[in-house]
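Derivation of every value follows stated rules applied to the coordinates shown; laboratory data play no part. All figures in this text were calculated on a predicted structure; none of them were measured in a lab. Note that each Cβ is placed from the backbone with ideal geometry, even for glycine, and that neighbours are counted across all protein chains shown.
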Amino acid sequence: GATIGILGGGQLGRMLAQSARRMGYRVHTLAPGADTPTGQIADEVVDAPFTDLDAIDRFARGVDVVTFEFENIPFEATRVAAAHAPVRPDGEVLYTTQHRLREKRALAAAGLPTAPFQAVETSAELDHAVETIGRPAILKTAGFGYDGKGQVRIEAQTDLEQAWAEIGNQPAILEGRVDFAAEVSVVAARGVDGSLADFGVIENRHVNHILDLSIADMPLEPAQTAAAREMAAAVMDALDVVGVLCVEMFLTRDGSLLVNELAPRPHNSGHLSIEACPSSQFDQQLRAVCGLPLGSTARRVPTAMANLLGDGWARGTPDWMAALRDPGVNLHLYGKAEPRPGRKMGHLTAVGRDRADAECRALAARAALTDR
Ligand code: ATP
Ligand code: MG
Ligand code: MG
């Protein structure tokens with residue numbers, strides 16, 4: 001059988017590996033660390049940093065296709081890997097999406113709307129950008145941000161010198177703050193032949209900038225749903241993505257959609273597809289990168305997903321029994337040893353009669369974990 005190579009060792013690689021092994025593939029992973037969520041499921045593990053190009057070279061020689069589960073893989077690593085095996089999505093997609101400015105410019109070039117933004121590389125440029133864009137705004141590092149890390153809110157009173165110091169003097173982007181009614185995402189897959197499939201519009205609620213709850217099938221006007229899905233399709237085609245990509249969007253109070261950011265891989269909001277759809281986002285990623293036909297993303301049942309952060313472990317091991325008393329609830333744990341606050345340890349997925357019921361069951365199951 002064929003072997004897929006995953007760059008990255010987190011939970012996204014773990015769930016991809018689970019799909020891959022179910023379909024008879026072998027899985028190799030390369031990431032720093034001997035005991036990673038992906039490595040626990042893989043057939044072979046290379047413990048090396050992504051900057052170790054010799055290790056990347058050897059790794060790529062041993063696999064039939066390379067994909068990634070983490071967007072901060074250096075472009076150079078994908079170039080080295082591509083000498084031996086197809087890298088899907090290719091390194092260009094990674095290069096564009098791992099840098100907020102390049103990403104926003106690519107979105108603009110594809111004709112997709114975003115919040116107003118401006119590049120900021122010095123404290124003087126920050127002053128100027130804040131004058132142009134106005135307050136409130138958000139200053140974000142151009143690279144390496146996740147779960148809201150590397151972001152500073154610029155409020156009416158915020159001192160700009162201090163904000164710039166907090167970001168740490170690195171290339172950044174200033175974005176106008178969107179007064180959104182909701183956040184949504186479209187997770188889409190695109191095959192080697194350009195075929196597309198998406199999981200519809202997912203509603204996302206964040207707490208402290210970290211995704212907290214996702215619910216399938218955001219009830220929008222049909223034209224809005226179509227627009228969101230078309231935006232995702234436009235991104236997939238514009239970036240020539242082979243694999244899975246998530247488009248995070250804001251639904252503004254006047255009902256229009258703005259793209260927030262892209263993730264060139266399965267996304268936390270798409271985890272509910274494991275229970276909700278015949279082919280999950282990980283099945284689709286596998287199918288796409290292996291050149292197989294895409295599977296069905298039809299939603300079988302109303303579904304919601306609640307994240308489990310390390311905070312929930314503060315008073316001891318969560319009460320798994322209590323959460324699983326609802327037969328419509330599934331537990332996913334990522335095999336991370338240290339439950340730190342804010343760290344994604346796993347998630348719960350609940351199916352229900354309708355969206356509200358699924359949401360309610362996911363929240364009740366999570367509350368039951370720590371209700372003792
Ligand atoms: P992720 O974990 O999704 O990769 P991230 O650290 O890359 O997160 P963003 O998605 O850019 O960061 O921002 C995190 C959250 O902060 C968003 O989901 C949204 O709630 C809020 N946010 C970010 N940018 C804006 C904006 N321009 N206007 C309003 N809210 C924003
Ligand atoms: Mg992000
Ligand atoms: Mg985000």
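Between R58 and D147, the simple label model (points 7 Å from Cα in the Cβ direction) yields a spacing of 3.2 nm.
Taking the chain as a Gaussian network of alpha-carbon nodes connected by springs under 10 Å, the highest mean-square fluctuation of the residues M249, M305, M321 belongs to M321.
Using R₀ = 30 Å, calculate the FRET efficiency as 1/(1 + (r/R₀)^6) where r is the Cβ-Cβ separation of D354 and V207; round to 0.05. Result of the calculation: an efficiency of 0.80. Convex hull volume of the Cα atoms of region 1-157, normalised per residue: 138 Å³. A Förster distance of 51 Å, applied to the separation of the beta-carbon atoms of S123 and A223, puts the FRET efficiency at 0.70. Please find the FRET efficiency linking E230 to M321, where r is the Cβ-Cβ separation and R0 is fixed at 41 Å, and quote it to the nearest 0.05. Efficiency for this residue pair is about 0.40. Binning the C-alpha pair distances of region 160-303 at 10 Å intervals from 0 yields a P(r) profile of 12, 39, 31, 13, 4, 0 %, listed from the shortest bin outward. Centre-to-centre, using Cα atoms only, region 154-221 and region 246-286 are separated by 11 Å. Evaluating 6.51 cos²θ - 1.76 cosθ + 1.60 at θ = phi - 60° for every residue in region 170-186, the Karplus couplings come out as 10, x, 9, 9, 9, 10, x, 7, 8, 8, 8, 7, 6, 10, 9, 9, 10 Hz, glycine and proline recorded as x.
Only Lys, Arg, Asp and Glu carry charge here, each on its Cβ (+1 for the first two, -1 for the last two); on that basis region 180-369 has a dipole of about 600 debye about its Cα centre.
Here's the picture: charge each Lys and Arg Cβ at +1 and each Asp and Glu Cβ at -1 in region 116-176, and of A129, A163, I173 the one pushed furthest to the positive end of that dipole is I173. For region 141-260, the dipole from Cβ point charges (+1 on Lys and Arg, -1 on Asp and Glu) about the Cα centre works out to 100 debye, to the nearest 20.
Close amide-amide hydrogen proximity is noted between N260 and E248, M249, F250, each under 5 Å apart and 5 or more residues distant or on a separate chain (H modeled in the peptide plane; Pro and chain starts excluded). Using a simple spin-label model with pseudo-atoms 7 Å out from Cα toward Cβ, D240 and E155 lie 4.7 nm apart. Using the Karplus relation 6.51 cos²θ - 1.76 cosθ + 1.60 with θ = phi - 60°, the per-residue 3J(HN,Hα) values for region 343-354 come to 7, 6, 9, x, 8, 10, 10, 10, 9, x, 5, 8 Hz, with x marking Gly and Pro.
Once a ≥ b ≥ c are taken as the square roots of the eigenvalues of the Cα gyration tensor of the chain, is the result rounded (a/c under 1.5), prolate (a/b larger than b/c) or oblate (a/b not larger than b/c)? Rounded. For region 185-206, backbone nitrogen atoms closer than 20 Å to the point 7 Å from R22 Cα along Cα-to-C-beta are found at 187-191, 197-200. Annotation: the antiparallel percentage among DSSP beta bridges lying fully within the chain is about 80. GNM on the chain, C-alpha springs below 10 Å: top fluctuator among A234, A188, A337? It is A337.
Helical content of the chain, expressed as a calculated mean residue ellipticity at 222 nm, amounts to -9000 deg cm²/dmol (DSSP H runs of 4 or more residues, -39,500 (n - 2.57) each, divided by residue number, nearest 500). In sequence order, region 322-335 has phi-based couplings of 5, 5, 8, 4, 7, x, x, 9, 10, 10, 10, 10, 9, x Hz under the Karplus curve 6.51 cos²θ - 1.76 cosθ + 1.60, θ = phi - 60°, and Gly or Pro positions carry x. In this Cβ point-charge picture (+1 for Lys and Arg, -1 for Asp and Glu), the chain has a dipole of about 1000 debye about its Cα centre. Summary of the geometry: region 108-129 and region 66-90, compared by the centres of their Cα atoms, lie 28 Å apart. Remark on L308: its backbone amide H falls under 5 Å from those of M345, G346, H347, L348, a criterion applied only to residues 5 or more positions apart or on other chains, H modelled at 1.01 Å from N. Working from Cα pairs under 8 Å separated by at least six residues, relative contact order for the chain is 13 percent. Mean-square fluctuations from a GNM of the chain, with a 10 angstrom spring cutoff on Cα atoms, peak among I138, I215, I202 at I138. The stretch between A82 and R372, if pulled fully straight at 0.36 nm per residue, gains 99.2 nm over its current Cα-Cα span. Okay, which of region 15-46 sit inside 12 Å, backbone N to the point 7 Å along the Cα-Cβ direction of A337? Only 33-37 pass the distance filter.
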